[in-house]
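Visitor: Would you mind keeping the following structure in view while I ask a few things?
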Amino acid sequence: MSDQTPLSEELLVWLSAYVDGVLNEAERAEVDALVARDPQVAAELEALFALDDDIRGAFDGLLDEPAPMPDVLSSRPAPANTNRAPWRAMAAMLVLGAVLGAGGMWAVRATPEPVQIAAKRSWLGEVAEYHQIYARQTRHLVEVGADEKAHIEKWLGKEIGVAFTVPDLSPAGWTFQGARLLVAAGKPVAQLMYTDANGRVIALCALQNGSGAPADTALKQFGDVHMATWKSSAGSFAIVGETPSELEALAVIAQPLI
């Protein structure tokens, strides 16, 4: 990644979440590894920490100033420092305004609610919701059938920006039925559908890995839907179904094939 190439929005969200302390241990380790090998990412993270310190400093001590109590028991004038706290608050807001002016939209990214770091993982949640709908389908299980496998690989690879091969999971008892194109977290997602002899359905989903950092297999759960997820340097992948141990085993089979 060169200094002239802007960092992706997804990576900026991750860095902001790192500063906010909302990432789990594995995600923090992933960011640490990326920072260690990419000076531009390291510089961005350092700038975020500096901005966070500036904002905290702008309000440092503000809440320690006791608010004056109104004199409701007599007509005596209020103490001379009655308006001191409001002026301190105004001064702090002016400092904050200067920080925001210098930092641009970084301050917005550094706040958890507008950034919604959960959006980094929400594609999985959305895929889980899709799976609950599509797994009940029979005639309309897929958008393009398995007999057009070559077309599916070319079409979906182009749409999601990740070249891939439809993995053969038949040795594990799962037959490829076809594919769909989904949109999750605002990004195109390839969904490959498989069924077994009992009519159960699993989906192998893929989208572009914005961070570019590989990740080992991890199990996740969204309600009754389970997933085995992993990342290559190019793509983020998830096998979606019902049985965690089975999905984890399928992920091991699929990783070198896709």
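Visitor: Could you run through region 213-231 and say how many residues are in a loop (DSSP other than H, G, I, E, B) and touching a strand residue (DSSP E or B) at 6+ places or on another chain (Cβ under 9 Å)? Step through it out loud before you land on a result.
Guide: Restricting attention to region 213-231, the residues satisfying the condition of being in a loop (DSSP other than H, G, I, E, B) are 213-214, 223-224.
Imposing the further condition that a residue be touching a strand residue (DSSP E or B) at 6+ places or on another chain (Cβ under 9 Å) reduces the set to 213-214.
Of the residues in region 213-231, 2 are in a loop (DSSP other than H, G, I, E, B) and touching a strand residue (DSSP E or B) at 6+ places or on another chain (Cβ under 9 Å).
Visitor: Please enumerate the residues belonging to region 136-164 that are farther than 23 Å from Gln208 by Cβ and assigned to a helix (DSSP H, G or I). Even if it seems obvious, please write down each step before you answer.
Guide: Filtering region 136-164 for residues farther than 23 Å from Gln208 by Cβ gives 136-141, 145-147.
Listed by number, the residues that qualify are Ala146, Asp147.
Visitor: Now for a different question. Would you tally the residues in region 150-190 being crowded, with 17+ Cβ neighbours inside 10 Å, farther than 29 Å from Glu9 by Cβ and not aliphatic (A, V, I, L, M)?
Guide: Of the residues in region 150-190, 4 are crowded, with 17+ Cβ neighbours inside 10 Å, farther than 29 Å from Glu9 by Cβ and not aliphatic (A, V, I, L, M).
Visitor: Hey, can you tell me all the residues within region 15-36 that are in contact with a helix residue (DSSP H, G or I) (Cβ under 6 Å, 6 or more places away or on another chain) and assigned to a helix (DSSP H, G or I)?
Guide: Passing the criteria: Leu15, Ser16, Tyr18, Val19, Asp20, Val31, Leu34, Val35.
Visitor: May I pose another question? Hey, Met193 hits all of (1) crowded, with 20+ Cβ neighbours inside 10 Å; (2) within 22 Å of the chain's Cα centre (by Cα) but one; which does it fall short on?
Guide: (2)
Values quoted throughout were computed directly from the atomic coordinates according to the rules given, and no laboratory measurement underlies them. Predicted model, so just to flag it, every value in this text is computed and none were measured. Glycine also receives a Cβ, built like all others from the backbone with ideal geometry; neighbour counts cover every protein chain displayed.
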